[in-house]
Each structure stands twice: as structure tokens, then as C-alpha cells.
1. Under 5 Å between amide hydrogens, which residues at least 5 positions from residue B:355 or on another chain qualify, with H placed 1.01 Å from N in the peptide plane?
2. Using the Karplus curve 6.51 cos²θ - 1.76 cosθ + 1.60 with θ = phi - 60°, work out ³J(HN,Hα) for each residue of segment A:59-68 in order, rounded to whole Hz, and write x for Gly and Pro.
3. Taking each residue in B:477-483, count the Cβ atoms of any other chain within 10 Å of its Cβ, then average. What number comes out?
4. Using Cα-only point scatterers and the Debye equation, what is log10 of I(q)/I(0) for chain B at each q in 0.10, 0.11, 0.13 Å⁻¹, rounded to two decimals?
5. How far is it, in nm, from the label point at residue B:489 to the one at residue A:220 when both lie 7 Å from their Cα along the line to the Cβ?
6. Using 1/(1 + (r/R0)^6) with R0 = 30 angstrom and r between the beta carbons of residue B:49 and residue B:303, what's the FRET efficiency to the nearest 0.05?
7. For chain A, take the longest principal axis of its alpha carbons; what is the angle in degrees between that and the long axis of helix A:186-198, to the nearest 10 within 0 to 90?
8. Straight-line reach only, C-alpha to C-alpha below 20 angstrom: list the lysines that residue B:320 could link to, leaving out same-chain residues fewer than 8 apart.
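The values are calculated or read from the model by the stated rules, or taken from the named source; none is laboratory data. Keep in mind that what you see is a predicted model, and the values were worked out from it rather than measured. All Cβ positions, even for glycine, are placed from backbone atoms using ideal geometry, and neighbour counts span all protein chains on display. The accessibility values were calculated without ligands, DNA or RNA, using every heavy atom of the protein model including side chains. Shrake-Rupley method; radii C 1.70, N 1.55, O 1.52, S 1.80 Å.
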Amino acid sequence: MNKIVLFIAVMMIAANIHSADALPRARSVIEIWMWGGPSQLDTFDPKPNAGKDYNNGLKAIPTNVPGISICETLPLLAKQADKYSIIRSMTHGINGHETATYMMQTGREPGSGIVFPSIGAMIARAKIENGLYKGKLPAYISLTKNKGRFSECGFLSPRYKPMATGGNPNSGIFQVEGIVARGMTPERIARRKKLLASLDTLGKALPNNQELKDFDSSGDDAYELISGDAAKAFKLDLEPKGVRDRYGRNTFGQACLAARRLVESGVPYITINAQGWDTHKKHFDAMKRQLAEMDQGISALLQDLSERGLLDTTIVWWSGEFGRTPKIDWSEPWNGGRGHYARCFTSVVAGGGFKGGYVVGESDERAENVVSRPVYPANLLGSICELAGLDPDSPLANPMGLDLKVMPESDKGKGRLKEIYKNAQEIKK
Amino acid sequence: MRLGYVGIFLMLSAFMRLSASDCYTGGTFVEQNGIDREFVKLWESRGIKPSPLCSDGVFVRRICIDLTGEAPDATLAEKFIKSKKNDKRSILIDRLLKSESFADYWSMKYSDILRVKSEFPVNLWPNAVQAYHRWIRDAVKTNMPYNKFVTALICSSGSNFRYPAVNFYRSAKSHDPKAIAGIAALAFMGQRFELWPEQKRKNLAEFFSTVRFKKSAEWKEEIVYHDATAWTKTRILTFPDGSQVTIEAGTDPRPHLAAWICGKGKKDLASAAVNRTWFWLFGRAIVNEADDMRPENPPVSKVLLNYLADEFIASGYDFKKLCRLIVESSTYQQSPTGNAENPDREKLFAAYPVRRLDAEIICDNLSLITGVQDTYSSVIPEPFTYIPYGQKAVAIADGSITSSFLDSFGRSARDSGYLSERNNKVTAAQRLFLLNSSDLQRDLYRSEKLKKLYTGRSRDEIIDSIYLLVLSRYPSPSEDAVLDKTYPKRGRFNSRDAVSELTWLLINTKEFLFRH
């Protein structure tokens, strides 16, 4: 136990963080991003009594935590509710994808003339600059595409832009753009590398040029990734068949598995950008498949992280940029669709210093309005930063030389999710 | 071209080593114009000799990329290298200045500094971006005199869709006259507004204090206009040089500002423009950084800066003439490998500075090789933008278009208008893409263009063609020696594997990735 205390202390010194509050520090964050906005009613905030025009007849089911029910679409996650907490009072009121994404990624409203970095870029940067991450893999990885709504690294160096893997983790070989390519054997890679060196005519003519030297050194880094062990994190075929099956043999499930492997490699921030949640039309047809995949993938991830002792050091958060309109639109051309809804929606947090088995906030009987404990984007993101060891009120270095903080000044501690922070004793058990 | 006998090969390579140091070097430096005269004086005072001129192979690649953002295709490179005409460099320069690609490339550069993008941090929105970019491109294409271009931007009023120049005002980070003055000082005077004294900032901002914005019933339309009721009294406004003008209430002060900047202030206007153009052509400016012109940041040669600014003004602010003046100089046409041991060679322009290509150019050059083009679309913001297949990356109007390739290679974020926003540093992520991207490997392997190149041709012809296609030159003797070992002369060299491998190898050389 002393060792752990010492370890935490050393980490906090290394991270240059005040140790007064003795909060646990998550090593990695997995963001499960429901691109387009998932329905709160059909997932973690069911409203079985709101009528068919709101719930389409979907029922609530009990979870393994007494008093907490979630939608029947998520039977596997219902058995894991002790591992996560549900925030049913998320709100920001912006119904446009791009602005809402920006808010849910930066904690700020746009319009200041400055593009702020996303939470992933800020945490990746903090982990690198504090010497807590020295791995070969990029510190911020997107499975499999970037959000593309805005430049995720904002005014930070492009170094903190997420590396999008591309490829499909559910195919025979998970081809990671630039790192794992089909047909590239170690022998072939070595042969080509040697040939390249012998055809380096310009480099030989200008041996002292700094820019050309940078080309060589960044090439060395690239080759370490291509031929070294780091790339093994993406080799899902190294997993036993049973494990792969448990996550679900689909893109989302295998992305969750890839995320766990990246966490094991120490990657500080991983985002799974799940597509297909912007269901204006025939919402429930899409949900049938997507929710089943989501249920299986996330429940397997939480259980697997927990069994491997990684959940205490890994934050998992689930959210879209907003939720979906509670009242179902049955008219043409929507035929049972749900629109964008940012006044009241749900996010979920687990692990890495967040308590499981709690519900934060409350929505009204139709999940249309926040009834108690509103949680704004900066509250949620500030809490994640805080538990990941990045003080949300610390200065955010920027090339403009402005006095900026990681989270907006106005937020300062107010509204953060302290009620579901574990204390130091709890994390050690 | 190729040498069959080892003996001749050895003799020739020994001869080449004596005469020209490498495959990048051509003729001797001869003063062509005032630029060269100034530099020869400068170099003499520092005890430096100019580099020899670059070889024809280097020149054809350099000039095509520098003037049009596009590498020459293999046919052009071959014809140019083989041409015996004495004035072939000037002929090519003229042709490029008239090309559509010239307009594409330079409108990209101007769009960087004028912040042409749909969203974040400013919201021009997609249709206004298209209108603005088209207006800029037309101005470049028709070679609109630069003073007229600047005047049109400063004096613009009307709808963002119908009078595209008003988007200059909409690209400021707020409607505050100071924010507008800030982008004007940066774009037209190459000066950092925030370094100005407070009073000078206020003075310039006053010229924009009657500019107003209003919405119309059309979605995302915005009208920029001069509010004649903004002032009730006559005012005396002060220009950045301290001179003054009296403006009556109701009169738009902006034409007075435009008249000053193209009149009494023209030296600042022209100096900033030539300095920036020099930066675009050399990767380093006479006053460096190019958009930080102030007395404490002296030029490498004041005489040269004055010479260029005077020539630019005398030509009637003719941008193409300015480009020609620079690229026809021997200073510009120096070898990239001369004065290799001198640490000041790039600061003093005593060689052509090697530097990484712009993201968009790399993207297009790869397409030129594989014959496969990227497709672009953008979901930022709605309505979604889809760009037709076959559009070059250099010609993309909107800095918000989603492209992980362009982001990874550091295209300009177009947030601030600073030239330094374009990041041309080589990173491991970029090398990873070039070395090991499955997409690139597939495009090379399946390329119909490369297939045509190797079908029914001899080994030597194929190798020459690949070199011309990727590097715009023939292989050097030392490269031939490596290739002879790797792909034996007697063996067959028409397989997809060999062709895609050699192409891949050349794509991963410094020469492919760097202006040189």
C-alpha cells in the first residue's frame, strides 16, 4: 500500500500537480463518441411511462445496482451498472452538430476567434510534457476516423492532433494507415530501407542541412513504429478468439478491443468515433443493430478492463454532442425519427477515479428538461481532466500569449462531478 | 542516354565529378537583373561566392512547383531537358505564368493570408467561401493590379454572396473596428497590429468604424455596408504615417484609406507585397518573418527590398511581372547544393534553399504519379460540401475541407492570417504515411498510369520514365550503379512489383518531398 501511495506521490510530483486533494490519476482515457447524438431515452435514461410517442414501447430494465434502471436495449450493460455512473442532466442547448461537438470537446462556446484544443489533445499533451507518456505510439489516437468537425488540436502543435487509424478493426488484418500495411514483411521493409539509403542523392549532397536531417530522424521514428513492437497494439489477431467474440465481431466491438490494447500500451487518449447516430429517419430500425453492438462492445470493455485491473487507471466516457428529441416524429419522411436535442441528454462515465453505480442529475418525465443538477460540457470535461491529472484551472499555454486556462475561467470548480469522484482510499482497494 | 560499357561509364562519371559536382548543378552564375547585382555585392562583402546555376532537371521541377504548385509531368520534364534552345527557361516561365495552375496556386497562397475557410474561428460559411475564393482566383488569373485588388477589398460593400470581396470584413474575428484594422495591417502592410502603439491602432480602426453588418432573408447571407448615419460630425482621421484627412459626416472613410495606402503609403504596401512574394518563392523573406515588418527587424538587404518595391510600383503593381523578375534572376536559379558548407547560405540566399513542399502540392504530386486522385467532402458546416472528383488539392477553396492528409502535412489552418500557420516541418506521421500507407501502396500497385508506363518497354526506358515521372530528371550515374545491382540489366523489369517498388522508393526520397 505504501508503494502505491509513493507511486501516486511520484506521479504527482512529476506532473507538477498540487497534492492537496490527493485525487487518483487516470493513466488513460477512452472516449466513446456517438457521432451524431444518441437518444437518451433509448439508452441510459428510459421513460417507460412517457407513452409510445416518446419511448416506442421500449421498457426499462433493472440493473445490478438497486434503484437504477436503463433501457431494455442494453441488457448486458445492465449487468455492469456498478462500474459506471450515468449523468442524466447534461445540457448545453446547441442543436447544431459542429458547434455542439466543439462545446462537448473543448468545454467552450465558439466565437472567441480562437480555436481551442479538444480534451484529447490537452490530456495527450499534459501526459507527454509531464513525462508520463514516452511510448512510441501517438498519444492521441482515433479509432478509426477523426471527428472532422473542427481541428481537434486547436492552437496546440499538430503533434497533438489525433492519429486516425483508418482501416477496419473487424477485418482480417486491421490495416492502420502508415503503421500496419498488408504484404509488408519485415524482410521487405528492411530491404527497402536499405535501398532508400543508397538512393539518397540529395541528402548526400547536403549532409549538414537541418531540414534534411529532420527528415532522417522522423524517418527513424517512423521505422521504429513500423518494425518495432509498438505496432503490435493493433494486431487484434493476437487476442484469443473468445476475447474477440466477447467484444462482438463488428467494427464497434473490435474498436473497443483495440482501445483496450492501446490502453495496455499506455496510450493516454483514445477516442472511438462511432458513426451512424444521427438518426433523423427510421431511428428505431438503426437502433436495433447499433444498440446491440454498443451494448456488447462497451460491456465487454468495462468487464475486460476491470478483470485486468485497468479500470481504476482508465477513464471511459460515453457521449454524443447532444441527445435526440424525446418526441418521436412519425410523419413522412421521418417515419419514426428523432431530431437533435441538446437541452437535456445523457453522458456516462466509468473508471479512472469515477465511482460506478451512481446517477447524477435528473430529467423530467419525458427526458425533455433537466430537473436537477444540470451538468454543462465544461463540468464534465473539467472532471475528466481533473481525474486524468490535468488541473482544469491550470494555465493553457498558447502561441497567442493569452492568459487561458484548460477549462473556461467561469467554470472554476463549480459543477464538477465531485459527488462521483472516488477518494484515495477507494481507489486503493 | 544510358551507357552500355563499364569503361565509358567510369570515364564519364569521373568527368562529371570534375565538371559539375552533382546532378543538381548546371551552368555558371551570370548577373541577369538588379536582384543579382545587389546579391553579388552583398556576397562579396561577406566573402561568399554565388552557387552555380541549377541543372535543367532541377529547374523544370522547381519552376513548375514554385509558380504553379504542380510538378511537371514526365513528358514536359523530358522535353525541357532535351531542348537545345538557349532561352528555354524564359519560355517555360512565360508559359507557366499564363497557366490555369498559376491561378490555382497563388489563390491558395492568398487564401491562406485572407483566411478563406467556412468555419472556426470565423464563420464565412461554405457558399460565401466559394464566392470569395472565385473572386480571388479571378483577380490572380486576370492579373488584377495589386493596388486595385487591395482597394477593392478595403472599399467593398454588399452581400457576401454577390460582392465576394466583402468577405474580407467577415473574416475578421469580430466586427470590432480594431479587429478589422488588425487584419488590414497584417495583410496589406505586413505588420503585426498588436505591436503598434495604442494610438496608432485606434487611428487605423477609426477608418473601419462605420462598417456595419446585417442579415438578409436568405440563409447565411450577410450584407456589409457603410453606415452613413454612424457619425454626426466631421472628423479628422490619422493615417499610419501620421498624415491626416478630414472626413465629413456621412462619408465613407474607407476610400480615403485605400487612396492613402496606394498613394502616400505605397512604399509600405509594395514592400510588404514583394517581401511576402519573395518568401513564397524562397521559403525565407528579405525581412524575415515576412509578416513582421518593423524597424527593429531589418532586411537582409535594404537596397534589394527598395529595388523590388520600386520595380513593383513602376510596373503598375503587376504581380506576374514581379514573379518573373524574381524567377529569372540567377539568384533564384542557383543550385540547391552550392555553398553546402556555409552555414549562412540560406540566410544570405547564396543557394536555393531546400524545404519541404506544401501539403497540397505533395497530395497533387502523388496523384500525378499514381493517376488516382483524392476526393474531398466536408461536413463542416452544413450544408455539406462535396468537391467533384479530379479537383486538385491546391485548387480547394475552403480551408475547412476535411482531409487528414492535408492536416497531417500541415496545411494552413487559416485562423490568424500569419504565414507561419502553414507548417512545413517533416514529422514521423508524414514519414509513416509515405513509407507505409496501405492506400498509397495500393494506388501504386494498381495504377493504370504506371501500367502504361511499363507495358512493352525495355528496362532502361522504364527506369528513365519512373525517374522523370517522380523526380523530373534522369537517374544519375551513381544511382544507375545502385539500380544495376538491384534490378539486374538482364532481368525483366516490367512487373508491377518492380515498377511500384521503384516508384515508391523515389517517392520516399528527400528530393521528392523537398523544393530544391
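1. B:515
2. 9, 9, 10, x, 10, 6, 10, x, x, 10
3. The per-residue average across the peptide is 2.
4. Taken in order of the listed q values, log10 I(q)/I(0) reads -0.84, -0.99, -1.30.
5. So the two model labels end up 3.8 nm from each other.
6. The computed FRET efficiency comes out at 0.90.
7. That works out to roughly 50 degrees.
8. B:88, B:98, B:109, B:141, B:148, B:266, B:267
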